[in-house]
1. Suppose we keep only residues that are charged (D, E, K, R) and not in a strand (DSSP E or B) within region 85-100. Which one would you say is modelled with the highest pLDDT?
2. Anything in region 1-19 that is within 23 Å of the chain's Cα centre (by Cα), not in a strand (DSSP E or B) and not small (G, A, S)? List them, or say none.
3. When you go through A63, A48, A41 one by one, which is the residue that is touching a Phe, Trp or Tyr at 6+ places or on another chain (Cβ under 8 Å) and of a type in the set (G, A, S)?
4. Restricted to region 72-81, and to residues that are assigned to a strand (DSSP E or B) and among the aliphatic types (A, V, I, L, M), which residue is surrounded by the fewest Cβ atoms within 10 Å (Cβ to Cβ)?
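The values are calculated or read from the model by the stated rules, or taken from the named source; none is laboratory data. Because the structure is predicted, anything quoted here is derived from the model rather than measured. Reconstructed Cβ throughout: ideal geometry from the backbone, glycine too, with neighbour counts over all protein chains shown.
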Amino acid sequence: MDYSWRSRRWFHTNNLSNLNPFNDRIADSGYGLLSANIVIADIPLGDAKGQLSLWGENLTDKAYRVQGVDFGALGFAGNVYGTPRRFGTDIKVNRPASPGTDEGSCQGRIVPPPLTEMV
């Protein structure tokens, strides 16, 4: 299990109402993320060994801002949100190295695109 916390942050260093009028609206209010990972290792597969991982990220499905842009002079601003809750499996197979080759492995993960919002 892993829990991380990020406190409130602004995406612009200048908080001038005429330069960045939406700075407070696009600021991140602070958030916590909970993740978990379970690993089963050293699974015998003939001459090879396998590893199975089950994982979940952002388990509370918190919508959190990772970036913000204030186009104050144009009358709008926008945010980019972090990855929503996701689950997955990693499978890894290690086979013994043959002479002149490296140890082989295989694993994969699917990652969804980030969410965006205009203010």
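1. The residue in question is R85.
2. Hits for region 1-19 are M1, R8, W10, F11, H12.
3. None of the other options fit; the residue is A63.
4. V80
Residue-wise test of (1) surrounded by 13 or more Cβ atoms within 10 Å (Cβ to Cβ); (2) within 22 Å of the chain's Cα centre (by Cα); (3) within 25 Å of D2 (Cβ to Cβ); (4) at pLDDT below 95.
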residue: P21; (1), (2), (3), (4): yes, no, no, yes
residue: A36; (1), (2), (3), (4): yes, yes, yes, no
residue: D47; (1), (2), (3), (4): no, no, no, yes
residue: W55; (1), (2), (3), (4): yes, yes, yes, yes
residue: L59; (1), (2), (3), (4): yes, yes, yes, no
residue: D70; (1), (2), (3), (4): yes, no, no, yes
residue: T83; (1), (2), (3), (4): yes, yes, yes, yes
residue: D102; (1), (2), (3), (4): no, no, no, yes
